[in-house]
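One structure is given below, encoded as structure tokens.
The values are calculated or read from the model by the stated rules, or taken from the named source; none is laboratory data. What you see is a predicted model, and the numbers here were worked out from it, not measured in a lab. Note that each Cβ is placed from the backbone with ideal geometry, even for glycine, and that neighbours are counted across all protein chains shown. The accessibility values were calculated without ligands, DNA or RNA, using every heavy atom of the protein model including side chains. Shrake-Rupley method; radii C 1.70, N 1.55, O 1.52, S 1.80 Å.
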Amino acid sequence: MYKPQAIIFDLDGVLTDTSEYHYQAWKHLADDEGISFTHEENDAHLRGVGRRESLTYLLKGRAVSATQQTEMMERKNRYYNDLIKQMTPNEIIDGGIQLLQEIRAAGIKTAIASASKNCMIVLELLDLVRYFDGIADGYSVVHGKPAPDVFVYAAGTVRVPVSACLGVEDADAGIEAIKAAGMIALGIGPRERFQQADKVLPTLARQHLQDILD
Ligand code: B16
Ligand code: MG
């Protein structure tokens, strides 16, 4: 069986379903501004994509000043923070803690590679920080996914060569980032979402180490 030295997890949409809260916050902003925005568009264009790139998609070519763009990103972030502040460890995927414990018991390092600047807030609300040997988030790198940087940075935090890392992602932009980093990629979600994933599972819930490495 293939055994990586580190498993690097995306956060939103992999270990917890904050991707739905991101959608609701963007939808609130879109409604404020009279812009149509659907769940399908969110899945296809915003999943795993950074805040600025998401706003650019949402505006659909509307001319908006830099100041207005900053205000809109702040407003979306306020809506998002309002939604996540009630989160508790109950919102970790079913079996998530057991999986992380199993991975570490097997001598494999664990790290986070999230595009989100809210990553630490969410990890703390979920009481997940202690299960990770390294954390890379939206503050760690300049170029977000699909650039490989956040995964390469995460591998550095646990001192494991990228070629010995397995990356886990729910977004196609994230799978692109993992492959560009030279890692093995596990996609979480429907098969048709991913172009380059080495393996795909519909969910990470109730999975064991053996299921993800097979
Ligand atoms: P923020 P991940 C990503 O996190 C989210 O999937 C994406 O929807 C969000 O726009 C992005 O973080 C930036 O988040 O506005 O909180 O900085 O999936 O890479 O963990
Ligand atoms: Mg994600």
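Among the criteria (1) within 16 Å of ligand 2 (Cβ to nearest atom); (2) out of contact with any helix residue (DSSP H, G or I) (no Cβ under 7 Å at 6 or more places or on another chain); (3) open to solvent by less than 60 Å² (accessible area, probe 1.4 Å); (4) at pLDDT 95 or above, the one residue 25 does not fulfil is (2).
Condition test on residue 31, is it among the charged types (D, E, K, R), in a helix (DSSP H, G or I) and more than 25 Å from residue 191 (Cβ to Cβ)?
Working: among the charged types (D, E, K, R): yes; in a helix (DSSP H, G or I): yes; more than 25 Å from residue 191 (Cβ to Cβ): yes.
Yes, satisfied.
Looking at 192, 124, just one residue is within 23 Å of residue 83 (Cα to Cα) and open to solvent by 40 Å² or more (accessible area, probe 1.4 Å), and that residue is 124.
One residue stands out in segment 127-138 among those that are within 13 Å of ligand 1 (Cβ to nearest atom) and open to solvent by less than 10 Å² (accessible area, probe 1.4 Å): the one that is nearest to residue 169 (Cα to Cα), namely 136. Checked against (1) surrounded by 13 or more Cβ atoms within 10 Å (Cβ to Cβ); (2) not in a loop (DSSP other than H, G, I, E, B), residue 52 passes all but a single condition, namely (1).
Being free of Cβ contacts under 8 Å to residues at least 60 places away in the same chain, open to solvent by 40 Å² or more (accessible area, probe 1.4 Å) and either at positive phi or in the same structural domain as residue 203 (by TED's automatic domain parsing) (or both) narrows it down to one residue among 162, 150, 141; which is it? Working first, answer last.
Values: 150 fails: open to solvent by 40 Å² or more (accessible area, probe 1.4 Å); 141 fails: open to solvent by 40 Å² or more (accessible area, probe 1.4 Å).
Within the list 162, 150, 141, the selection yields 162.
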